[in-house]
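Notes to accompany the following structure.
The values are calculated or read from the model by the stated rules, or taken from the named source; none is laboratory data. In this text, all values refer to a predicted model and were calculated from it rather than measured experimentally. Because the Cβ atoms are built from the backbone with ideal geometry, glycine has one as well, and the counts that use them run over all protein chains shown. Just so you know, the surface numbers come from the protein's heavy atoms only, side chains and all, with ligands and any DNA or RNA stripped out. Shrake-Rupley method; radii C 1.70, N 1.55, O 1.52, S 1.80 Å.
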Amino acid sequence: MIKKRAIVINSKDNVATALDDLKADQVIQEEVDSLKKNIKLNQGIPFGHKFSLKEIPSGSPVIKYGEVIGTASELIKVGDYVHVHNLKSNRGRGDIK
Amino acid sequence: MSFLGFPRPDGQVGVRNHIAIISTVICANDVTLKIAQQVEGAVAFLHDQGCCQTPIDLNQVTKTLVNLGKNPNLAGVLLVSLGCESVLVEEIRERIAASGKPVKTLSIQQIGGMLPAVAEGSRITQEMVIKVSTIRRETFDDSHLIIGVKCGASDTTSGLISNPAAGAAFDLLYDHGGTCVFGETTEFLGAEHILMRRAATPQVKKKIGEIVTRMEQRAKMMGVDMRGGQPTTGNIKGGLTTIEEKSLGAIVKGGTKSIQGVYEYGDKVTKKGLYIVDSPGREPEFLTGIAAAGVQIIIFSTGIGAPQGFPFVPVLKITGNPKTEKYLSDHIDKFIKLPEEGENTIAQAGEEIYQEIKAIASGKKTKAEVLGYGQFSNIFTVGPVI
C-alpha cells in the first residue's frame, strides 16, 4: 500500500490536509466532487497544513470538516497553500458581547 | 448487536461490578484510599471538595457525589465521611440508595479515628464485594450503552485522525439507539454556532449558546479573553489557521448527529441520543463529570499521550500518532493508523472503535484499568474555597 499524502475529512471540503511534508510541484491525487483529480501543489505544504482542492474566490468560504472554517482573503487557486496569509477567521473577534 | 453487562435494580446496565469507596469530603481521602487498597474489587473516589465552600458549590458537589454513586458500573457504595463536613452525608446516602443498590456510610469522627475506620470500612466493603460477586453478566442490546468522549494532550493527528474516528464511533452508537455524551465547553469556542445548528430543539440551541457565554464570562472575570488568543502560535505552526478550524477538530469527536439536550455539570443523563454536559476540559474534573452523567466507558483521543483513566469507568485510549503508539504503548489501547491510498480510514476506524467499546463493555480491560492509573480525580466547582 502507498501511504496517503493528504486527507480530506469531509466530501464537502475544499481543502485537504497534508499527512507528510509535501513539496512544491508534487502531484497529489484526491477525490473532488466524486471525481479523481490530480492536484499540483503550487508551494511546499508542511505536515498538518492545508492546500486547496478547488479555486476559492476572495471572500468565499473555506470548508474543512464539512463546515466553514473562515473566508478566503484573496483568490486561492487549486493547489495553493492555505493558511493565515490567505484565510481569515469569521469568528473569534467581537461575536460574543 | 449486543454486549454482556451487569443488570442493576434501576434498569441501568453496568460494564463493571465495582464497590466504590467514595469520600464525601477531602478530609476522608486517606481512609478511603486505604480501604480501597485493602479490599480486592473495591475502587476509591477521591476529591478535594465537600466543605468550606459556597452553597452553589456544595450543591454541585452533593449532586455529583450522588450521581457518581448511581453510575451503573457500581454494584454498591461505601461513603466515607469525616463527620463535620458541610455536605449532608445522609442525604447523599438516601439519594444513591433510591437506585436500589446497597449504600453504607462510615464516619471517621464517630468511629474513633483512622485505624478503626479503615478496619470497619474494610469489613463492610469485604461483605459487599462478596455479596455482589454473584451478580452475573447478561446479554443486553447496544441501546443500553452510554459512552463518553474526551480528547487530551492533543496534537495535529487528533483533529485529523483520532477525533474524527471517535466521532464515527459515536455516530454508530447513536444509530444503534445508545447514548453518547460529550462536553469540554471551552472547546466549543468559535464552533458553537455549528453545534447550535445541530440542536434538536430551539431550547437546546439556546442552552448551547448560554453555556459557552457563561464559560467565557467566567474567564473574563479573571481578566482572560479566551477567544482573542486563538488559535495559539503553536497551533498556527502546526497548521491550524482559525479558531473555527481548531474547535471543529475538537468537537468532531462528538460525531455529527442531532444534539438532544444540554446537562449541567454533575447531572445524570437519563435519555437516549447525543447529549452535552457543560464541563471544563481538565481531566480530573471532566472525567468525574461524565462519570456522574452515567457513562459506562469513555473514549479518550490523545495526540502526544495522556495516560489517565478513571477509578470505575474504563477509559479507551486511542491515538493517531505513530510515535505515541510506540513510546507510550503502556497507555494506548488502540492505534488509529494514518490512511493509505484508497482507504476510508475514518469510517473503518469508527467501526473498530465501536467493536472495541463492545469488547470492553463485555469485560475486556483497558490499560489504565490494569495499571490503576487515574486514582486522583476531582469535582468541578466555580466559587472560592472559604
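Quick look at the values:
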| quantity | calculated |
| --- | --- |
| Hits in segment B:347-386 (condition: under 16 Å from residue B:333 (Cα atoms), among the hydrophobic types (A, V, I, L, M, F, W, C) and open to solvent by less than 60 Å² (accessible area, probe 1.4 Å)) | B:349, B:353, B:357, B:359, B:360, B:361, B:368 |
| Candidates B:146, B:124, B:135, filtered to the one that is at pLDDT 95 or above, touching a Lys or Arg at 6+ places or on another chain (Cβ under 6 Å), closer than 24 Å to residue B:70 by Cβ and not small (Gly, Ala, Ser) | B:124 |
| Segments classed as strands (runs of 3 or more DSSP E), wholly inside segment B:257-322, with at least 1 members that are over 10 Å from the mean Cα position of the chain (by Cα) and among the polar types (S, T, N, Q) | B:259-263, B:297-302, B:315-319 |
| Tally, over segment B:91-107, of residues that are open to solvent by 50 Å² or more (accessible area, probe 1.4 Å), of a type in the set (D, E, K, R) and either in contact (Cβ under 8 Å) with a residue 60 or more places away in the chain or part of a strand (DSSP E or B) (or both) | 1 |
| Scope segment B:323-366; condition touching a strand residue (DSSP E or B) at 6+ places or on another chain (Cβ under 9 Å), more than 14 Å from chain A (Cβ to nearest Cβ), part of a loop (DSSP other than H, G, I, E, B) and not small (Gly, Ala, Ser); matching residues | B:328, B:331, B:332, B:333, B:366 |
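A quick yes/no check of all residues on (1) among the β-branched types (Val, Ile, Thr); (2) in a helix (DSSP H, G or I); (3) open to solvent by 10 Å² or more (accessible area, probe 1.4 Å):
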position	(1), (2), (3)
B:150	no, no, no
B:159	no, yes, yes
B:166	no, yes, no
B:172	no, yes, yes
B:181	yes, no, no
B:190	no, no, no
B:196	no, yes, yes
B:206	no, yes, yes
B:210	no, yes, yes
